[in-house]
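> Dumping the structure here so I can ask a few things about it.
The values are calculated or read from the model by the stated rules, or taken from the named source; none is laboratory data. Computed from a prediction, not measured in an experiment: that's the story for all the values here. Positions of Cβ are generated from backbone atoms using ideal geometry, with glycine treated the same way; all protein chains shown enter the neighbour counts.
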Amino acid sequence: MEKIGSKTKLLLGAQHVLAMFGATVLVPFLTGLNPSIALIAAGAGTLIFHFCTKRIVPVFLGSSFAFIGALSLVLKEEGIGAVKGGVIAAGFIYLIMAYLVKVFGVEKIKSFFPPVVTGPIIMVIGLRMSPVALNMAGYANGKFEPKSLIIALVVIISMISITIMKKSFFRLVPILISVTLGYIVAMCMGLVSFEPIAQANWLGLSAEAAADLFTLPAFSLSAILAIAPIALVVFIEHIGDITTNGAVV
């Protein structure tokens with residue numbers, strides 16, 4: 001088997017950061033939660049996951065689009081404490097499913113969720129976000145914005161063009177290349193400001209993020225019933241993700 005060079009690993013890693021970052025911060029933006037907390041939780045969860053799996057499964061654990069509707073509703077009606085309680089309950093469901101996997105074995109569990117089951121579930125969860133993508137592509141502050149549409153077209157056309165290339169290294173990093181091109185176009189259009197980056201601290205947590213982080217969970221039956229069952233859907237999605245990732249790697 002051909003070994004992957006360090007430069008290739010670096011490029012693939014950079015692409016993975018771009019791919020995970022958008023999804024991880026988009027969910028809290030859409031639900032009203034704090035993106036900083038999402039990044040902290042995702043980073044800690046990923047490190048624990050790699051420790052438990054002895055670094056043999058190269059995946060990142062981030063936000064799931066499946067929870068958007070329930071999180072938004074619970075946050076609006078009952079607050080961040082109830083959201084935490086519901087998420088903790090979902091975590092217990094994950095533990096139960098993990099125990100079942102350990103008892104019956106991975107192959108036995110996978111036999112109940114073949115690709116014909118996991119594939120459509122992953123597709124449906126992703127396609128639910130297509131209206132959001134289309135709205136962001138051509139609109140800004142509720143108004144049609146040609147510049148946003150141009151940038152979106154540059155990204156999607158370059159990604160498709162790179163993907164259909166035959167026997168090219170660039171096919172491994174279509175996201176990295178297309179997002180970079182889109183960013184350059186945005187800079188040329190004057191839509192990128194580096195001032196917030198220069199003023200930002202290397203390490204820090206806003207007062208709002210700190211308040212959300214240290215708010216104690218509140219266990220509400222309505223919040224638990226709204227959030228926890230979604231873990232069953234995401235469990236099936238997780239099986240499909242890991243299986244696909246294994247096939248690609």
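> Looking at this structure, is Lys7 within 21 Å of Phe235 (Cα to Cα) and either crowded, with 18+ Cβ neighbours inside 10 Å or not hydroxyl-bearing (Ser, Thr, Tyr) (or both)?
No: the conditions fail for Lys7.
> Would you say Phe112 is closer than 23 Å to Ser64 by Cβ and over 23 Å from the mean Cα position of the chain (by Cα)?
Considered against the rule, which asks whether it is closer than 23 Å to Ser64 by Cβ and over 23 Å from the mean Cα position of the chain (by Cα), Phe112 comes out as yes.
> Out of (1) exposed (fewer than 15 other Cβ atoms within 10 Å of the Cβ); (2) under 23 Å from Arg128 (Cα atoms), what's the single condition that is false for Leu39?
(1)
> Of Ser222, Ser148, Ser158, which residue is touching a strand residue (DSSP E or B) at 6+ places or on another chain (Cβ under 9 Å), in a helix (DSSP H, G or I) and small (Gly, Ala, Ser)?
Result: Ser148 is the single residue among Ser222, Ser148, Ser158 that is touching a strand residue (DSSP E or B) at 6+ places or on another chain (Cβ under 9 Å), in a helix (DSSP H, G or I) and small (Gly, Ala, Ser).
> Of all residues being touching a residue at least 12 places away in the same chain (Cβ under 8 Å) and part of a loop (DSSP other than H, G, I, E, B) in segment 48-67, which is surrounded by the most Cβ atoms within 10 Å (Cβ to Cβ)? Just the residue, please.
Out of the qualifying residues, it is Ser63.
> Name the residues in segment 223-241 that are at pLDDT below 80 and either closer than 12 Å to Lys110 by Cβ or not acidic (Asp, Glu) (or both), would you?
Gly240
Rundown of residues vs (1) within 20 Å of Asn34 (Cα to Cα); (2) over 20 Å from the mean Cα position of the chain (by Cα); (3) surrounded by fewer than 15 Cβ atoms within 10 Å (Cβ to Cβ), yes/no style:
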position: Cys188; (1), (2), (3): no, yes, yes
position: Pro196; (1), (2), (3): yes, yes, yes
position: Asn201; (1), (2), (3): yes, yes, yes
position: Ser206; (1), (2), (3): yes, yes, yes
position: Ala211; (1), (2), (3): yes, yes, yes
position: Leu216; (1), (2), (3): yes, yes, yes
position: Phe235; (1), (2), (3): no, no, no
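> Another question, if that's okay. Could you identify the single residue in Ile162, Ile175, Ile197 that is within 19 Å of Leu18 (Cβ to Cβ), of a type outside the set (Lys, Arg) and touching a Phe, Trp or Tyr at 6+ places or on another chain (Cβ under 6 Å)?
Answer to the selection: Ile162.
> Quick one: count up the residues across segment 134-145 that are aliphatic (A, V, I, L, M) and either touching a residue at least 12 places away in the same chain (Cβ under 8 Å) or part of a loop (DSSP other than H, G, I, E, B) (or both). Show your work before the answer.
So in segment 134-145, the residues aliphatic (A, V, I, L, M) come out as 134, 136-137, 140.
Of the ones still in play, those that are also either touching a residue at least 12 places away in the same chain (Cβ under 8 Å) or part of a loop (DSSP other than H, G, I, E, B) (or both) are 136-137.
Count: 2.
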